[in-house]
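Taking it in order: structure first as structure tokens, then the write-up.
The values are calculated or read from the model by the stated rules, or taken from the named source; none is laboratory data. In this text the structure is predicted, and so the values were computed from the model without any measurement. Here the Cβ is made from the backbone with ideal geometry for all residues, glycine too, and neighbour counts use every protein chain on show.
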Amino acid sequence: MKPANSPSREPWQVVWFKRDLRIRDHAPLCQAAANGPVLGLYLYEPELLSSPEWDPTHSQFIAEALRELARELAARGGRLLLRRGEAVEQLERLHREIGFNSLWSHEETGNRITFDRDLRVGRWCRDRGVRWVEIRQDGVIRRLRSRDGWAERWNGTMGTRAFEAPGSLGGGKGDSLECDGILGPESLGLGSVNAVELQLGGESTAWETLGSFLQSRGAGYRSDMSSPVTAWTGCSRLSPYLAWGCISMRTVHQAATQRLESLRMERTAGRAFDPRWSGALASFQARLRWHCHFMQKLEDEPRIEFENFSRVYDGLREEFTVSDPGQERLAAWCAGRTGFPMVDACMRAVRATGWLNFRMRAMVVSVASYHLWLHWRPTALYLARCFLDFEPGIHFSQFQMQSGTTGINTLRIYSPARQVIDQDPHGVFIRRWVPELADVPDTFLPEPWRMSLSQQESSGCVLGVDYPRPIVDDRKAVALAKERLYAIRQSAGARDDARRVVQRHGSRKRGHFRGADHELLFREQLLREGPSEEPGLMQPELF
């Protein structure tokens, strides 16, 4: 092997893969290939793997995606180098080995760990004279000065032509370089995966999932998305592939647009098609925009991973969450042992499958926040580990919105009993995940504690023995939560802080709110009205 500084050697182009595990519509990969031989790099970073948000299921999904990515790079004359260690240390090691002068990657809106790591990498690149080219891969804009015009810029980004997969990577495989290989969760020391229905990682599976949704599964999207019975097939199920970058947001948006256009052509030609498709695709595309809208919040204000959007809510739940009753409630919620059937079914299902539809996610967070009075931070960390599609920007923003600490969103307090009646009236979902309730009559599934002892015995579910009683009185708990939150929302400090939050993070979408001032008036009206149960405002779905 020639020394790194040999003048006859072409300069290496190192492409650092992070949450972008694909070859199609990968701008850094394509632009690097135009500048020299490409070496792909993926790092198993100990700080990320040991973070409280990481789970073995994440590593398994990534390993599946990396296997496909490695094959695709090799087929084009490239190589995926996999190494375990801190980013700067591994980049320094690679720099000594091959002397690269260009590092390519996508921008990442991640957690504080990745934010600090990127600062270290930036300093290292400057010290070593390495050009680090970071390219945006979604609608999130770095160093955004104002939300005004954000929606138009999102549309512009999504409308640009997607990059084709590169035909050749220059033949610079780097076969002599030491590689750690593709490591699954057990090899990484994370333990085994016990989930039973995880989606498979990989770019080809992402494209298959997109195709099946747009061509067949998605017709009933608008109605199917709310119920855990129908959402498993009726939702797109693209969220883990977007979270780990097995497919790009632009690809998904453009495919949905093309499908909508094909339906218009069918209608013009007089051909019959399912009339639900138009509304389904319009709703789906709106939620693609919301996806980036929420990620932008974390990009603009990284502290919201740890701190309340509105600081007037500091101290609201912290002391109770760390108390003995709070810890008992948190443990029961995590285990799916709260005594509320829909909550317990959802918590057990998400641990086993890595996914829940958005309404059920909102419901379990609502119950944790209002009924159980738990702080959003520990509940967010637990579900971050459960969600195969964990996306920090969406995750922490949504948890704060659902727990009432943004100061600008109406309080969405879900009744777990009502969700049974509306979304699973025959107990199909509940009975699968909470088999203790298998023989409980439909009429008692929303509130099994209403059964007499003889009815409990006849259904094989004695409360306190076979299945827990509710750990709180739901009506009293909600009334107390409303009283506490409404008292804060009426304060002058809350109103002032709400204006600040809206100005920095509020939606500017035309036709929804006419500018920031109009939205401020709308939010102030919500403050005056106070908390309500399950309001009808549109909330962003996770696909």
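A few comments on the model shown:
- Note on the range 124-158: residues that are part of a helix (DSSP H, G or I), surrounded by fewer than 18 Cβ atoms within 10 Å (Cβ to Cβ) and either in the same structural domain as residue 59 (by TED's automatic domain parsing) or at pLDDT 95 or above (or both) total 3.
- Which numbered condition residue 292 misses (of (1) closer than 17 Å to residue 432 by Cβ; (2) not assigned by TED's automatic domain parsing to the domain that holds residue 411): (1)
- Taking the numbered list (1) farther than 24 Å from residue 416 by Cβ; (2) of a type in the set (Gly, Ala, Ser); (3) free of Cβ contacts under 8 Å to residues at least 40 places away in the same chain; (4) assigned to a helix (DSSP H, G or I) in turn, residue 315 passes all entries but (4).
- Pairs linking a residue in the range 425-454 that is small (Gly, Ala, Ser) to a residue that is not in a helix (DSSP H, G or I), with Cβ atoms under 6 Å and 6 or more positions apart or on different chains, are 427/445.
Table: residues versus (1) of a type in the set (Lys, Arg); (2) in the same structural domain as residue 113 (by TED's automatic domain parsing); (3) modelled with pLDDT under 95; (4) in a helix (DSSP H, G or I).
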position	(1), (2), (3), (4)
3	no, no, yes, no
7	no, no, yes, no
22	yes, yes, no, no
25	no, yes, no, no
30	no, yes, no, yes
42	no, yes, no, no
52	no, yes, no, no
71	yes, yes, no, yes
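- Spans of helices (runs of 4 or more DSSP H) in the range 402-508 with at least 2 residues over 26 Å from residue 329 (Cα atoms) and at pLDDT below 95: 492-505
- Residue 366 surrounded by fewer than 24 Cβ atoms within 10 Å (Cβ to Cβ), outside the structural domain of residue 112 (by TED's automatic domain parsing) and more than 29 Å from residue 49 (Cβ to Cβ): no
- Residue within the range 368-377 that is of a type outside the set (Phe, Trp, Tyr), without any contact (Cβ under 8 Å) to a residue 60 or more places away in the chain and over 21 Å from residue 327 (Cβ atoms) present: no
- Looking only at residues in the range 81-98 that are closer than 23 Å to residue 59 by Cα and touching an Asp or Glu at 6+ places or on another chain (Cβ under 9 Å), the one that is surrounded by the most Cβ atoms within 10 Å (Cβ to Cβ) is 81.
- Among residues of the range 215-229, those that are in contact (Cβ under 8 Å) with a residue 60 or more places away in the chain and either aromatic (Phe, Trp, Tyr) or under 16 Å from residue 261 (Cα atoms) (or both), counted: 3
- The lone exception for residue 374 - which of (1) crowded, with 22+ Cβ neighbours inside 10 Å; (2) assigned to a helix (DSSP H, G or I) it fails: (2)
- Test: residue in the range 324-333 that is part of a helix (DSSP H, G or I), touching a residue at least 40 places away in the same chain (Cβ under 8 Å) and closer than 24 Å to residue 246 by Cα: no
- Among the candidates 216, 239, residue that is modelled with pLDDT of 95 or more, farther than 23 Å from residue 108 by Cα and out of contact with any strand residue (DSSP E or B) (no Cβ under 7 Å at 6 or more places or on another chain): 216
- Candidate set: the range 183-213, residues that are at pLDDT 95 or above and among the β-branched types (Val, Ile, Thr); chosen: the one surrounded by the most Cβ atoms within 10 Å (Cβ to Cβ): 209
- Flag for residue 460 being small (Gly, Ala, Ser) and surrounded by 19 or more Cβ atoms within 10 Å (Cβ to Cβ): no
- Residues in the range 336-348 that are touching a helix residue (DSSP H, G or I) at 6+ places or on another chain (Cβ under 7 Å) and surrounded by fewer than 24 Cβ atoms within 10 Å (Cβ to Cβ): 336, 337, 348.
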